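These notes concern the structure reproduced below.
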Amino acid sequence: MPESREIRVSQEQDGERIDKTVSGVCPQFSRSAVQHLIAQGCVTAGGRTVNKSYRVSAGETVAVALPDPVSLDLQPENIPLDIRYEDDFLLVVNKPRGMVVHPAPGHSGGTLVNALLHHCGGSLSGINGVMRPGIVHRIDKDTSGLLMVAKNDTAHLSLARQIQDHIFKREYYAVAHGRFRETEGTVDAPIGRHPQQRKKMAVTEHNSKHAVTHFKVLEQFDRFAFLRLRLETGRTHQIRVHMAYLGHPLAGDEVYGPKKDTTGLNGQCLHAGLLGFHHPVTGEYLEVRSELPDYFTDFLRKLGGASYRWCEKGI
């Protein structure tokens with residue numbers, strides 16, 4: 001029997017399209033994934049199947065039937081993994097810079113998912129579909145650091161709920177352009193698809209989602225700053241977009257940074273250094289850390305000054 005989930009429509013959700021309601025309450029599903037479930041008849045309102053443009057009403061019950069896991073066509077690959085935590089329910093992997101998380105056009109192999117299929121066999125959650133088994137949240141190809149992987153759907157749903165409830169802790173380290181006037185602050189600005197450049201994200205009020213990033217300047221240099229950042233939400237390219245919005249794009253960012261990059265980084269200087277979460281079965285709070293990688297510490301050394309101490313002691 002497929003697993004199901006019921007959503008009681010709130011007053012705030014009254015009049016929303018059903019695909020928006022479901023994707024907002026179930027962050028493990030993108031809006032396009034919800035639309036696919038609706039087309040399959042897996043989403044009902046008041047016991048009736050509906051189309052994706054159906055508008056929900058306050059007090060109404062929306063039911064989502066999670067489809068049975070689909071057999072994977074992806075090929076397991078024996079790619080070494082830097083695993084920082086693992087048990088029967090989940091694992092945390094330290095992704096190297098340059099590794100794609102899941103297969104996509106142009107990247108059919110050599111991805112983290114291919115490596116996970118070899119390491120875990122069939123023990124990966126199927127909620128995110130056949131191309132993204134086990135992936136609870138993603139980081140960009142050129143972002144290094146920690147990534148959470150769920151081995152079954154129960155663990156996946158618990159971890160996704162923690163992300164939605166803002167109790168899943170994610171800390172990043174970055175180097176950004178410019179001098180900051182304030183040593184710490186918060187960016188609270190919605191993020192959506194760029195209105196003209198569809199491959200980019202932007203701060204916009206149009207078809208956007210709430211996005212909050214907290215930052216702290218750990219060290220200020222002449223032309224760059226070393227930052228620690230904490231995500232309150234998890235939108236696509238969130239840190240990169242928010243820092244560019246402040247006028248401080250990340251060093252090496254070829255999409256949101258200066259057109260002519262002189263850092264030699266060949267990609268954004270951004271590292272996911274800490275994950276904090278409640279174990280989906282035991283409830284125990286756990287934190288997993290990752291030291292700054294070589295490309296990051298090498299760049300800090302080039303900046304000089306007191307930054308050398310970060311390279312030596314880690315984070």
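A short reminder: the numbers here are calculations on the coordinates, not readings from a lab. Predicted model only: the values in this text are computed from it and were never measured. Heads up, the Cβs are rebuilt from the backbone with ideal geometry, glycines too, and the neighbour counts pull from every protein chain shown.
Could you check the simple spin-label distance between residue 32 and residue 58, using points 7 Å along Cα→Cβ, in nm with one decimal?
3.4
Report the net charge of residues surrounding residue 119, where surrounding means a beta-carbon distance below 15 angstrom and charges are Lys +1, Arg +1, Asp -1, Glu -1. The partial results should precede the final answer.
Details: positive: 84, 95, 151; negative: 77, 82, 86, 87, 88.
That works out to -2.
How would you rank 47-53, 174-180, highest first, on the average number of other Cβ atoms within 10 Å across their residues? List each step's numbers first, then the result.
Working: 47-53: 12.0, 174-180: 20.4.
Order by mean packing, descending: 174-180, 47-53.
What does the helix-only formula give at 222 nm for the chain: each DSSP H stretch with n ≥ 4 adding -39500 (n - 2.57), the total divided by the residues, and the result rounded to the nearest 500 deg cm²/dmol? Spell out each step's value before the answer.
On the way: 7 runs with 62 residues, N = 315.
After summing the helix terms and dividing by residue count, I get -5500 deg cm²/dmol.
Taking the Cβ of residue 274 as the centre, find all other residues whose Cβ is under 12 Å away and add up their charges (Lys, Arg: +1; Asp, Glu: -1).
On the way: positive: 84, 169, 170, 228, 230, 289; negative: 171, 287, 291.
So the surrounding residues net to +3.
List every residue whose amide H lies under 5 Å from the amide H of residue 169, counting only residues 5 or more places away in sequence or on a different chain, with H placed 1.01 Å from N in the peptide plane.
Amide H neighbours of residue 169, under 5 Å, 5+ apart: 276, 277.
Can you return the aspartates and glutamates within cross-link range of residue 216? Criterion is Cα-Cα under 17 Å, with same-chain partners fewer than 8 residues away left out.
171, 182, 184, 188, 232
Pulled fully out, how much extra length does the chain show between residue 200 and residue 51, if you take 0.36 nm times their separation in residues and subtract their Cα-Cα distance?
On the way: separation 149, 0.36 × 149 = 53.64 nm, distance 2.90 nm.
Full-extension gain reported as 50.7 nm.
Between residue 65 and residue 278, take the C-beta separation as r, use R0 = 30 Å, and let me know the FRET efficiency to the nearest 0.05. Can you show the working numbers first?
Working: r = 27 Å, r/R0 = 0.89.
Rounded to the nearest 0.05, the efficiency is 0.65.
Evaluate the distance, in nm, between pseudo-label points positioned 7 Å from the Cα of residue 287 and of residue 186 along their respective Cα→Cβ axes.
2.0
Pop a pseudo-label 7 angstrom from the Cα along the beta-carbon direction at both residue 123 and residue 82 and give the gap in nm to one decimal.
2.3
If we sort 142-150, 90-98, 207-215 on the protection proxy, mean other Cβ atoms within 10 Å, highest first, what's the order? Before the final figure, lay out the partial values.
Values: 142-150: 25.3, 90-98: 20.4, 207-215: 17.7.
The packing order, highest mean first, is 142-150, 90-98, 207-215.
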